[in-house]
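Everything below concerns the one structure shown next.
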Amino acid sequence: MKSYRMWVGAVIAVAALVLILSQGTSGGGGLAAAPPEQAVKKPSVAIGSAFYDEGELKAALIAHLKKRGYEVKDFTAGNPAKKLDYPQVAHLVAAEVSKGNFDRAILICGTGMGVSIVANKHAKVYAAVVDSVYAAKYSRIYNNSNILCLGQFITAPVMATEILDVWLNTKAFDHPKWGPYNRDIALPQIGEIEKEVFK
């Protein structure tokens, strides 16, 4: 008889627990249901190429970005009869970053150098010519680069996508020594120079 009562008590306890849990998940009190995880919205990325749709580099980067959930604004889509030259492409894209319409952008020319020279004429633009994963990482850690400049003549699409991933995923100033120096000393000095130049 004693074992029977213990068995009945265990059944009642389990039933009570099931009831509490079911009330919690239905919003009727008890244990609150965990809120569903919300996907973190990734920022939009601007892109422009002096080659427009010629070559594989821009197309590979756009496909790579979209596959990873980024929205992409291509400022050189299609194959218009009158194309912008690389200084005009760089100016167009860099102006959008300077205005704060995009946090990150990608520019492409033959070597990446020409578009970087133009882009860096804009305030609050830190365009970096990158041809390796190492340079991509440290352009973010040291320089807070916000425009990635790539050369279609020198960087293959496979390498470019690796560079892009590192560049997008590296936090600015994420270094115990040089991070604080660049954030607290170098970048403010750059800001003061910008004010002097653009006044």
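Read the figures in this text as sums done on the coordinates, not as results from a lab. None of these values were measured; they are calculated from a predicted model. So basically every Cβ, Gly included, is an ideal-geometry build from the backbone, and we count neighbours across all protein chains shown.
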| said: What FRET efficiency comes out for Trp178 versus Ser132 if R0 is 25 angstrom and r is the Cβ-Cβ distance? Round to the nearest 0.05. | reply: 0.85
| note | Once the dipole of segment 126-199 is set up from charges on Cβ (+1 Lys and Arg, -1 Asp and Glu), the residue from the list Ser139, Gly179, Leu164 lying farthest towards its positive end is Gly179
| By counting other Cβ atoms within 10 Å of each Cβ, how are Glu56, Glu192, Glu96 ranked from fewest to most? | Glu192, Glu56, Glu96
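Highest first, please rank the peptides 77-88, 147-158 by the mean number of other Cβ atoms sitting within 10 Å of their residues.
Numbers: 77-88: 11.9, 147-158: 19.4.
My ranking of the peptides, most packed first, is 147-158, 77-88.
Starting from the Cα-Cα distance between Val197 and Met113, subtract it from 0.36 nm times their residue separation and give me the gain in nm to one decimal.
Numbers: separation 84, 0.36 × 84 = 30.24 nm, distance 2.15 nm.
Length gained, Val197 through Met113: 28.1 nm.
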